[in-house]
Structures are given as C-alpha cells and as structure tokens.
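This structure is in structure tokens; I'll ask about it shortly.
The values are calculated or read from the model by the stated rules, or taken from the named source; none is laboratory data. Model, not experiment: these values are computed from the prediction. Neighbour counts are summed over all protein chains in view; Cβ atoms, including those assigned to glycine, are modelled from backbone coordinates with ideal geometry.
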Ligand code: TTJ
C-alpha cells in the first residue's frame, strides 16, 4: 500500500469559537499582500491544480460558510453546480461586511476577496477553518477563477461585486435582484459564484461525489447545520441534503448503525481554557474498536495526546467503578486499556485555536500538544464517572462487557504460553515453502515476501540466490484484528514467516536472531495487493515493531508498464513516466504498451531486472508512521462490522477506489 492512498485530505484548519465579545468589524481585517503570486504558483496556495486542487478551492469557499455556522450564525449552506460549469456557495449568515476600511480605501468585502490575508485569519480573536490547508482564503480562489462574483445580503439590500482572475471589475453595487438561481430565502447571508480558470486547473469539472464527501465530513462536526447540494448541470437535477442534529453523537450513531448497542450514546462536553473537549462513547456487542479523533475539522488518523488522554480516562474510570462495585475480586482481575475498547465506538473531538495546534508524524495525522492529554483525561474522567453514577445500568452493562474481554485476554495468554512451550516456533527446520539464500550474514540477506504461489515461482527463478530468499504467502492471510497471538502462530503463513525470520515472537523475541536485515514485501499493484500489504504491515507493526524501527522493512516497487518497440524495452513505474517514455519514442513505429496487472505476468528475468536487481530496483523503506497508518486502516477495514468500513471509504476521496 502506498501510504499516500490513506492520507485523508489533511486539512490544517482551525476552529472559530463562538465569540460574542468581539463584534466583527472591518478594522479587524489584516491585510498582507496582493494576489499576483497566486497565479504564478497556484500549487503553493491550493496544493495542486488537478482535480484535488479544484475541489480544495470549492472547499475553501464552503468553509467560510461553515465558519459562520460554527460562530453560531449561519444555519444553511447551499452549494449549486451551475449548468455553465461554475459553482455557487450561499449561506444565511450575517454576510461579509461591506463597510469601508479607511486604511485601504476599499470595502471589507473587496479586501477579503482580493488580498491574501495572514494565515487566513481575521484579527487575533477568530478561530476559523477557512484559510485552512495552505493558510489561504477565498481571495486565492478568486485569483484562480476566470470570473467570480459575490453577493452579500444585509440591511435588506443585495450588494454585489465582480472579479476576473482576482481583479476587481465593478464597485460594490446595490442591486435589485440576485444572480443566483437557487432559491435562498434568507434575509442576510453571502453568496459566491465562481468559474474555475481552466488555464490553471487541469480540469474544471466538479465531481458530485467528492463534494458530497467534503460536506459530509463537515456536517458531522457542525451540528444543526443544513447542507444542500444541488447539481443543475444535467437536465435531471440531483439534490442531496446533509443535516446531523447531534453532531458527533450522530456520527457515533451512524458508526453503530446495524449493531446491537449496549446503551445510549454517552456525551461529554466541556471547555477548559482555550480547549473544548467533546466525546461520545457507545459500546456495541461486537469485539472491534472504532475510535475516531478530530482536532477542529482535522481527522487525526494517528491519534495523539487527545486520544491518549481519552484512553487513560476510560481505563481509569471503568477500573475504579469495577473496584467500587466489587466486580474484581483480586488485583490481577483489574482490566487493561485493551479490554475497555472491545466493542467501543467513540469519537473524540477537540477544538482549540489554530495557532496552538502542533501536529506530528510524517503525515501530520497526530496531535502533539502535551498539555492536551491531561485536559482530556480530566474532562473525560469527570464526565464519565458522573454518567456512571447517574446511570448505573449503563455502567453495569459496560463493566460486564469489559470484564468479559479481560477474561478472554487472560485465557488467550495462557493458551499462547502453552503454544510457545510446545515449541511451535522453535522449529529448527525452516519452512518448506521458504527458498532460502546461501548467505548467512543477516546484514546482506534479503527476504522477499511474495503474494501467491505463481509470483513466488517467478521470484524464485529470477532471484540472486546468493543473498535473496523468497517466501510465498498464500494471499489473504487472516484477520489478525481479532486473531490473538495464540491463534496467529497456528496459521500456516504466519508461522512460516515467524520461523523464517528466526527471531521468535512475543516474550521470546530476540532481534539478534533475525536472519534478514531486508524484509521486502512484494505484492501486485492492485486492490488485493494493497490489502495484503496492509495486513503484513499491520502484523509487523503490532508484533515486530523493532523490524520497522530498525529500518529493515521495505516495499518493492514493481513497474506498471512495459513499453516495447522491437528490441527496445522500457519499464515505467508511474503513469506520467510511461507518457514521458512514449513521447520520447514518437519518431519510429508506435511502441507496444503492456500494463502489468500482476507480478505473475512478468517472466523471472523481467522480475529480476525491474524489481529485484539492486542495481535497477527501487525499494520503499517502511517507517513506523506508515505502519501505524496501515494499522489504523486495517482496524477499520477488517473490523467485524461493515458500517465503519463504509464510513471510512466514504470519507476518503482517494481510497474510495479500494474495493473491499
Ligand atoms: C460576518 O460578520 C461577522 C464576522 O463574519 C462575517 C463574515 O464574513 N461572515 C461570512 C462570510 N459568512 N459567510 C461568509 C462567506 C461565505 C461564502 C460562501 C464565501 C465567503 C468568501 C465568505
């Protein structure tokens, strides 16, 4: 799995807290510079100019309305895809101010639309999500639009201003009628309609489903905001409405849809200084864990301090309650964190000022603020123990569930010890499936983990047996999510893998006995391949993280295309590279293109040449962040239940191609 696929639209946004004290006025707008640089280097402002960038620009506009809703004013956002290809966004908020800013001799509206502002923020007091990803705002979208017009409804008037590629075309005029064809009845509010400039964007065509996902994500996090999406581009008008009464309570209910829940959602909401903590907890009768965390509108896929604080509190409160209720007879009976998360569906939603947030990790999917851990811990501890006191039947059901998980864990541990004692893994004989290398020095030995027997066969013939060993895996390994260690070591493929690696597992692990310092996952570049890669990464992440930490785990990169003309053969590892090669071959007869669907299509020599020969191949070293992301994806994809998977797929534009 390429880690890129599991990246969510990372959104470095912030949150605008309701702020009554600072009535907004034109003076609060800070101005930095004009829009000239934006058209020169659009990618720096909007991320990319492909379809993602196109929708990022729409989101940039939508988030202005979402901010107005978060601030407590807008109740509706209308998004219209117009027949001419432009997009309109309207809300029923207060409307962008149109009063003059003496310092700039321009209306606030014009300043907002034509100047780059600092960090997307208006003054110091507002925490907004707009101006998110690249610290820009609507002016960037304006600059990248062939044309754009804004209408502000305020004081029973409609004000309008028009622009082309970010340049003002008309003064702010009071007009009789709106240009917007979507019926928006509100007396106040803002409308922006823009036509993406296709000399900038590779495509100007908006995608209904991408927009649907964008607003869906927002809808859960902004309770009571109505989203109306209207696609008027075809004769048959498509319409979609999103509204979640309960915010993250609705999200948890959605995740638990079609499951037997043990109690009604427990909702905790408290603010400590600058930090607002919202948590929903609801157990179901399954064994899978589904805990999602957000900071402002960012889905922190790798968790972080807010999640750690939450987990600590959960374990603590349930343990304390169990002891008080006399459920645990002796000390060994006390539960551990894992026990408290079987069948748990939870959302941890933290809101804090944008400029305080510290993200960590390669993909910035992890919250790093250390002070947050204690704040969340404290708030959840108080909230949950109060709930338990007031709702003893909820507490009892949860306790029973958790207690059962603890018992299962202890039983599994005993079984595991039995298996290890039996010497299941001390096989002095290497697995029959392993084609080992001649080299005995781990530092120069490589182990290829290959999907399927046929690709395994090619790899065995193509390899350099001096230092390359091949272990074919059968495909879908197993659902390690629920399979505890004891059951896992009984699985043939995993057992072979553990024995081949030579370093043991569990308490018996010894890294010094590892037989290969390059363990290379080689799978097809298709959905199944990705799946298996996720599985293997998850296995290593959970059971042999040292292999990853030492940089011993790699992913092979087989080519996607073979381009041949007569004896001249090229391989391309990416789509663009293929195009480039074909372009450079234009003079003679047309080259023959072959798209590799799997490793099995390559003969042994080709496999060696393209993927295994250290001279030509490229390997991707797996780091712990990659593996952690794989683990997070895996937990969602492999959970017992379908809905969270669906949710994951729907909320990830790119990974929607994963067909599970
Ligand atoms: C209203 O007065 C108080 C502070 O916030 C002001 C404001 O600008 N509100 C606002 C802006 N609501 N909606 C927008 C907006 C909506 C769209 C579709 C596009 C843009 C650029 C802004």
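Would you confirm whether or not region 569-587 contains a residue that is touching a strand residue (DSSP E or B) at 6+ places or on another chain (Cβ under 9 Å), under 30 Å from residue 513 (Cα atoms) and in contact (Cβ under 8 Å) with a residue 12 or more places away in the chain?
no
Another question, if that's okay. Return yes or no: is residue 54 in contact (Cβ under 8 Å) with a residue 40 or more places away in the chain, more than 13 Å from the ligand (Cβ to nearest atom) and buried (at least 24 other Cβ atoms within 10 Å of the Cβ)?
Here the answer is yes, as residue 54 does meet what is asked.
Only one of 175, 140, 222 is touching a strand residue (DSSP E or B) at 6+ places or on another chain (Cβ under 8 Å) and within 16 Å of the ligand (Cβ to nearest atom). Can you tell me which? Let's see the steps before the verdict.
Details: 175 fails: within 16 Å of the ligand (Cβ to nearest atom); 222 fails: touching a strand residue (DSSP E or B) at 6+ places or on another chain (Cβ under 8 Å).
Just one listed residue meets the conditions, 140.
I need the full set of residues from region 31-51 which are part of a loop (DSSP other than H, G, I, E, B) and within 16 Å of the ligand (Cβ to nearest atom), in order please.
Pass one, region 31-51, residues part of a loop (DSSP other than H, G, I, E, B): 31-32, 34-35, 41, 47-50.
Matches in region 31-51: 31, 35.
Still on this structure, I have one more. Which residue out of 224, 254, 259 is out of contact with any helix residue (DSSP H, G or I) (no Cβ under 6 Å at 6 or more places or on another chain), in contact (Cβ under 8 Å) with a residue 12 or more places away in the chain and part of a helix (DSSP H, G or I)?
Values: 224 fails: part of a helix (DSSP H, G or I); 259 fails: part of a helix (DSSP H, G or I).
Just one listed residue meets the conditions, 254.
Here's another thing I want to ask about it. When the residues of region 281-316 are filtered to those that are within 19 Å of residue 70 (Cα to Cα) and in contact with a strand residue (DSSP E or B) (Cβ under 9 Å, 6 or more places away or on another chain), which remaining residue is modelled with the highest pLDDT? If you could, list the steps in order and put the result at the bottom.
First, pick out the residues of region 281-316 that are within 19 Å of residue 70 (Cα to Cα): 293-299.
From what's left, in contact with a strand residue (DSSP E or B) (Cβ under 9 Å, 6 or more places away or on another chain): 293-296, 298-299.
Working: 293: 92, 294: 88, 295: 87, 296: 79, 298: 76, 299: 77.
Taking the candidates together, the pick is 293.
From the list 204, 166, exactly one residue is within 14 Å of the ligand (Cβ to nearest atom) and under 19 Å from residue 85 (Cβ atoms). Which is it? Show your work before the answer.
On the way: 204 fails: within 14 Å of the ligand (Cβ to nearest atom).
Residue meeting the stated conditions: 166.
While we're on this one: If we keep just the residues of region 58-84 that are assigned to a loop (DSSP other than H, G, I, E, B) and more than 16 Å from residue 221 (Cα to Cα), which is nearest to the ligand (Cβ to nearest atom)? So that I can check it myself, show each step before the final result.
Of all residues in region 58-84, those assigned to a loop (DSSP other than H, G, I, E, B) come to 71-75, 82-84.
Narrowing further to those that are more than 16 Å from residue 221 (Cα to Cα): 82-84.
Working: 82: 14, 83: 20, 84: 18 Å.
Of everything passing the filter in region 58-84, 82 is nearest to the ligand (Cβ to nearest atom).
Among the residues of region 246-262, which ones are at positive phi, surrounded by fewer than 21 Cβ atoms within 10 Å (Cβ to Cβ) and touching a strand residue (DSSP E or B) at 6+ places or on another chain (Cβ under 9 Å)? Full working, then the answer.
Narrowing region 246-262 to residues at positive phi: 247, 258.
This time we only want the ones that are surrounded by fewer than 21 Cβ atoms within 10 Å (Cβ to Cβ), so: 258.
Residues satisfying the conditions do not exist here.
Sticking with this one: Can you give me the ranges of the helices (runs of 4 or more DSSP H) entirely in region 472-565 with at least 1 residues that are at pLDDT 85 or above and buried (at least 20 other Cβ atoms within 10 Å of the Cβ)? Don't jump to the end; show me each part of the working.
Values: elements: 485-488, 492-501, 527-543, 545-549.
So the answer is 492-501, 527-543, 545-549.
So, one more: Which of the residues that make up region 574-600 are within 30 Å of residue 538 (Cα to Cα) and surrounded by fewer than 17 Cβ atoms within 10 Å (Cβ to Cβ)? Reasoning before the result, please.
Going residue by residue through region 574-600, those that are within 30 Å of residue 538 (Cα to Cα) are 574-575, 595-600.
574, 575, 595, 597 - these are the residues of region 574-600 that are within 30 Å of residue 538 (Cα to Cα) and surrounded by fewer than 17 Cβ atoms within 10 Å (Cβ to Cβ).
Give me a count of the residues in region 220-245 that are surrounded by fewer than 16 Cβ atoms within 10 Å (Cβ to Cβ), under 23 Å from the mean Cα position of the chain (by Cα) and over 21 Å from residue 182 (Cβ atoms).
Residues in region 220-245 being surrounded by fewer than 16 Cβ atoms within 10 Å (Cβ to Cβ), under 23 Å from the mean Cα position of the chain (by Cα) and over 21 Å from residue 182 (Cβ atoms): 0 in total.
Answer with yes or no whether residue 212 is out of contact with any helix residue (DSSP H, G or I) (no Cβ under 7 Å at 6 or more places or on another chain), in a loop (DSSP other than H, G, I, E, B) and either in contact (Cβ under 8 Å) with a residue 24 or more places away in the chain or within 15 Å of the ligand (Cβ to nearest atom) (or both).
Working: out of contact with any helix residue (DSSP H, G or I) (no Cβ under 7 Å at 6 or more places or on another chain): yes; in a loop (DSSP other than H, G, I, E, B): no; either in contact (Cβ under 8 Å) with a residue 24 or more places away in the chain or within 15 Å of the ligand (Cβ to nearest atom) (or both): yes.
So residue 212 fails the test.
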